[in-house]
1. Report the residue count in the range 45-103 for those that are of a type in the set (A, V, I, L, M, F, W, C), closer than 14 Å to PRO118 by Cα and loosely packed, with under 12 Cβ neighbours inside 10 Å.
2. Determine which member of the set ALA134, ALA130 is under 22 Å from GLY63 (Cβ atoms), open to solvent by 20 Å² or more (accessible area, probe 1.4 Å) and in a helix (DSSP H, G or I).
3. Could you list, in sequence order, all residues of the range 107-130 that are over 13 Å from the mean Cα position of the chain (by Cα) and within 25 Å of PRO156 (Cβ to Cβ)?
4. Just need a number here: residues in the range 140-177 that are among the basic types (Lys, Arg) and under 27 Å from VAL106 (Cβ atoms).
5. Quick one: count up the residues across the range 144-195 that are out of contact with any His (no Cβ under 9 Å at 6 or more places or on another chain) and either at positive phi or not small (Gly, Ala, Ser) (or both).
6. Taking only the range 164-176 into account, find how many residues are open to solvent by 20 Å² or more (accessible area, probe 1.4 Å), within 11 Å of VAL148 (Cβ to Cβ) and of a type in the set (A, V, I, L, M, F, W, C).
7. Out of contact with any Cys (no Cβ under 9 Å at 6 or more places or on another chain), crowded, with 20+ Cβ neighbours inside 10 Å and modelled with pLDDT of 90 or more: does that describe GLN147?
8. Output the number of residues of the range 154-187 satisfying the condition of being assigned to a loop (DSSP other than H, G, I, E, B), more than 15 Å from the chain's Cα centre (by Cα) and at pLDDT 90 or above.
Amino acid sequence: MTSTSLRRRRILPLILGGIGVMLFVAALLAFRTQRASVRNQVSVSDSELAGAIGVNLSASELGDPDLAGILARLDQAGVRWVRLVLPWDEIEPARGQAEWERFDRVFELLRAQPRLNPVVVLNGRADFGAFAAAAARRYEDRVRFYQVWHQPNIAPHWGARPVDPIDYLGLLREAAVQIRSADADAQIVLAALAP
């Protein structure tokens with residue numbers, strides 16, 4: 001192989017990845033202009049939560065017997081955002097058989113720490129809109145911020161399929177509509193991208 005063909009083999013994935021990221025950003029910007037008519041929009045950047053410290057809680061931390069102590073220590077340390085994943089596959093292992101109890105406990109403990117604001121990551125399988133609406137109905141009085149999906153710019157979060165910004169835009173729109181139908185005051189947060 002020549003040095004020119006090696007260079008092309010190394011550069012082509014970077015170019016294709018860059019195009020994918022640009023398409024993803026373009027789709028998100030298109031969605032953003034579409035949502036301008038949504039009522040009751042509150043800008044987090046205008047609130048006391050702007051710039052506040054936040055943490056991610058792992059599944060093992062959420063299942064920790066001392067979760068109440070963990071949350072109390074986070075609150076005392078000045079943390080104001082607590083991001084956690086609601087794994088649909090775990091909550092509804094079989095269609096129509098939801099097992100919310102584990103997360104009911106988490107949200108009851110969060111309720112005891114009112115300065116901690118949960119950001120709930122909705123992630124999972126097909127029929128995503130129905131799950132998003134069910135989560136919003138169940139936790140309407142305890143959750144205001146819902147992050148739709150996680151790292152949609154990498155294949156593992158698409159079931160090892162190619163990344164598709166347009167599919168994410170559809171997923172985001174469906175989740176936003178379903179969440180707001182269950183909780184009109186909910187705030188929708190775009191998924192964080194993988195580096």
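The values are calculated or read from the model by the stated rules, or taken from the named source; none is laboratory data. Quick caveat: nothing in here was measured; it's all calculated off a predicted structure. For neighbour counting, all protein chains shown are included, and Cβ atoms are generated from backbone atoms with ideal geometry for every residue, glycine included. Ligands, DNA and RNA are stripped out before the accessible areas are found, and what is left, the full protein with its side chains, is counted by its heavy atoms. Shrake-Rupley method; radii C 1.70, N 1.55, O 1.52, S 1.80 Å.
1. Residues flagged as of a type in the set (A, V, I, L, M, F, W, C), closer than 14 Å to PRO118 by Cα and loosely packed, with under 12 Cβ neighbours inside 10 Å within the range 45-103 amount to 1.
2. Numbers: ALA130 fails: under 22 Å from GLY63 (Cβ atoms).
Sole residue among the options that is under 22 Å from GLY63 (Cβ atoms), open to solvent by 20 Å² or more (accessible area, probe 1.4 Å) and in a helix (DSSP H, G or I): ALA134.
3. ARG125, ALA126, ASP127, GLY129, ALA130
4. 2
5. The qualifying residues number 36.
6. Looking only at that region, the number is 2.
7. Yes, satisfied.
8. Final tally of qualifying residues: 3.
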